[in-house]
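The values are calculated or read from the model by the stated rules, or taken from the named source; none is laboratory data. Here the structure is a predicted model, which means the values were calculated and not measured. Here the Cβ positions follow ideal geometry from the backbone for every residue, glycine too, while neighbour counts run over all protein chains shown. The area values use the complete protein model at the heavy-atom level, side chains included, leaving out ligands, DNA and RNA. Shrake-Rupley method; radii C 1.70, N 1.55, O 1.52, S 1.80 Å.
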Amino acid sequence: MKYNFDLSEHHDEEEGRQSQTPPSASTPKELEWVPLHHHRVFYRPNMDSATPAMPKNLLCWDGASRLYFWDSYKRCLHRLSVRLGEPDRTSILAASSSKVLQADVELNIEVQRISINRNGSALLLVGLDGLYVMYLYGRTSTKENTIICRTILVGSEICFDRNNAIRTLKVCWHPYSDTHLGILSSDSVFRVFDLSSALGQPEQEYYLQPVEPGSSHNATSICPVDFSFGGDHMWDRFSVFVLFSDGSVYILCPVVPFGSVYKWESVLELYSDAHMFGLKSTNSKAVKKSNLAISWLEATFPELTRKEVHAETAAVLRAQPYALFDASISLQGPLRKVSHGVEDISVHPPVCEGRAVSFLYDLVSKDSILVTAWSGGQLQIDALADEVQPVWKVGSPPRVCLDSTDSIVGLAMICESLSSDTSILKLDLPPDHTLWLGHPPPLLRLAIVDLALPRRSGSVLSMFVDPIISERIYCLHDGGIDSVVLHFLPFTNQSRDREDMRSPSVHPVLSTFQGEASSAFPLSGFLALSDSFGDSWIVALTPSNECIVVEMETWTTLLPPVIDKVDKHIGAEVPKDTDISTIISKELLTGPKVVLLPPSSPHLRSVSADSIEGRSTLHQYFKLFHENYVEYAHKVYFELQHHAPHVKKIIDDQHSRLRKAQQKILDVERKQEKIADRVEHAVQFHSELKERLQSLGHLPAAHKRSLSKAEREFKSELDRYRGVELDALHSSIEAVNARLKRYTHSPQVNRSNEQRQLSMRRKSHVQENEMSLLKASLEKLSLVNIENAKKVKAVESALKCREIGTS
């Protein structure tokens, strides 16, 4: 069964060859397979040796049998057919001949990351200066194994304009659409682009406003850095999680691309939940908010209101363009830690150093896991303690773009954070006080994982989820790859046993350190592969375009450790090792057995030895002596003769050890002289340093008092501002300048400028009179200043004369 998906790939290869060769030569040659890490496409020189400004990933996989690799040297895309787990579980085979996919336009960017959509029809080429989409089904070129693919530029009018300072922070395919992209930019705007319609303008725009204007005292709280779409769980599938530079996480819900596809059962579950827990609630606020959600669901998925439509007739539902005309989506957050009675208003603990750089959403069974990576090398792992719910701000209508048929083709809205979002943070409240009230879900802190990375600035971290084990998270950083496994989940694991509540385990998978931390190089690509048999691999790409394949353990990863519980009594003797061979047996060491003499008559001494009775007695004694002592002597002789080589070997070993010990003693004696010289030199140097310290102690600077607590806090605040908030301020200034340029070049601004010039001409006469009066007053003030200056000089000269006279 492992070969089923490879046969289709082989068929595609044969069709490609038949389309390039004449009918007379239509016989395809047999396809050869080589280990993936030995494939020829991975041995290309890489000219780029600088540290990338964003995480590089030049590898992607379609989830079946095709692996894609962007060649930065040839500026083309390689498509490899792979076989997983062949010829053994530890390896991956690839077809020796690869397809080369070439763009039909010139790419003016350096590709930093590639990503493929769900059905494998389009691939993203992401760079710092542009974003291209390559459609993988193109026309055949005249070159062998080369395909020319249609490639288009996305978002050129907003994000990648040369006169624009807006930077793209994250680009990602939407999980429920093959044609929609999500882009987060440095101007705090989240945009959704539809590749099937307008490529230059976004389909949806959400202007993020986490704090009220002028109320922020921290520049990092208004600068987004990353985002992630939610998983297939309740309202999470309609949610977008946005991470800001200070570590705060916000939620946009609901965000649905026009035409995206969802399961009927999933949407019906949300519809029933809103009716059950929202409309039937005793709280009027919950009824109002659930009514908004129900009206949005019925308009976005009209099949919910049709009785003839059910799960058997419609397995999936397609989202229709819709937006509430009198309300905008609220920016829920920042998400805060849950507490049991005392509100904890801290967003992140002080153990996390630096600034937040990366974010990951991971759905594990019933738990929604949020992982935040910090520039100091820590991973903050939290779980949502409640369900995400949609929240709108009524009275803030969005801007909607309609076509000729009055259908919505685009929308834009300002998403503000409500001040009442942080009022509920407690876990011990009844459901009537939390459901459908518009409160953001609190966070349950699971762990803080320190990867112990070198303290270097500019560290880039990115995270991926294992395709087989959702509890395993791969963290890609400058020093290599680490694996973090979550052993306890609050809602999936309902056990209260403390042994089951284990902390996450961290395992290094691949290290790129070369002796020193400064010599580490970041990887240029990473993939997590899996097959239908439950096997998993990771594929990494070095900056020199070398491929590394590592098999990952899947079956025993989540098993608890087996500990043998043995009762250990105090004073119990530990049995010694009995395998040591003995030189002489214990039987011989105990000596011959004690011989019991036979009973004899009392007149034995008077018996002559030559007599019959005397001879029989002597024969009996001689027989006993021979059976015991002579046989014992033979055993001793045989034992000593048998153990003679063994004893000789032990003696030789002892002699060799003795010679080595003597040699070590001689070495120590020789080194002792050097050590004595070094100790004497160290003592002399210590005395010199002591004298210098005493002389330096008399200087005025040595008596400076240490910083007070307030001064230390102020210094740490300045260091944090310099290291974290300064970059955030720069990005904010760039975003404001970009918006200003866009605003000044718009036609509406030009009309307003013309009207302003007409009004200024009318007011020019009044302003000229005022200016003349101001000029006259300024001239008078300048004369007064000159006179005052002369008087000051006269006073100074008089004082100098008086000082000279007194001296």
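Please list 649-658, 110-119 highest first by mean number of surrounding beta-carbon atoms within 10 Å per residue.
Per-residue mean Cβ counts within 10 Å order the peptides as 110-119, 649-658.
Under 5 Å between amide hydrogens, which residues at least 5 positions from G377 or on another chain qualify, with H placed 1.01 Å from N in the peptide plane?
The list, which skips near neighbours in sequence, is empty: none.
Could you tell me the accessible area of L783 in Å² (1.4 Å probe, neighbours in place), rounded to the nearest ten?
Approximately 110 Å² for this residue.
With the full set of protein chains in place, find how many percent of the accessible area of segment 72-144 is carbon and sulfur; take the probe as 1.4 Å.
The nonpolar share, carbon plus sulfur, comes to 45 percent.
Using θ = phi - 60° and the Karplus relation 6.51 cos²θ - 1.76 cosθ + 1.60, list the HN-Hα couplings for segment 638-650 in order, rounded to whole Hz, with x at every Gly or Pro.
Calculated HN-Hα couplings, in order: 5, 5, 5, 5, 6, 8, 4, x, 5, 5, 5, 5, 5 Hz.
Filter the cross-link list K99/K143; K263/K288; K56/K170; K288/K393 down to pairs whose alpha-carbon distance in this structure exceeds 18 Å.
Long pairs (Cα-Cα over 18 Å): K263/K288.
In whole Hz, what ³J(HN,Hα) sequence does segment 182-197 give by Karplus (6.51, -1.76, 1.60; θ = phi - 60°), x for Gly and Pro?
Per-residue couplings from phi come out as x, 10, 10, 10, 6, 8, 6, 10, 9, 10, 10, 9, 10, 6, 8, 10 Hz.
Expressed in nm to one decimal, what extension gain is obtained for the pair S196 and E627 from 0.36 nm per residue of sequence separation less their Cα-Cα distance?
Gain in length upon complete extension: 144.4 nm.
Where does the charge balance sit around G182 when Lys and Arg score +1, Asp and Glu -1, over other residues with C-beta under 10 Å from its C-beta?
+2
Compute the separation of the alpha-carbon centres of segment 621-650 and segment 257-274 and state it in Å as a whole number.
Computed from Cα coordinates, the inter-centre distance equals 93 Å.
Going by Cα centres, segment 347-403 and segment 434-487 are how many Å apart?
A separation of 12 Å, based on Cα centres.
Taking 0.36 nm per residue of separation and subtracting the Cα-Cα distance, what length does fully extending S365 through T305 add?
18.6 nm
Through the Karplus equation 6.51 cos²θ - 1.76 cosθ + 1.60, θ set to phi - 60°, convert the phi angles of segment 371-377 into ³J(HN,Hα) values in whole Hz; use x for Gly and Pro.
Running phi through 6.51 cos²θ - 1.76 cosθ + 1.60 with θ = phi - 60° gives 10, 10, 9, 10, 5, x, x Hz.
Cα convex hull of segment 77-164: mean projected area in nm², to one decimal?
If you wrap the Cα atoms of segment 77-164 in a convex hull and average its projections, you get 7.4 nm².
If I ignore ligands, DNA and RNA and count only protein heavy atoms, how much of R306 is accessible to a 1.4 Å probe, in Å² to the nearest 10?
In the full protein context, R306 sits at about 120 Å².
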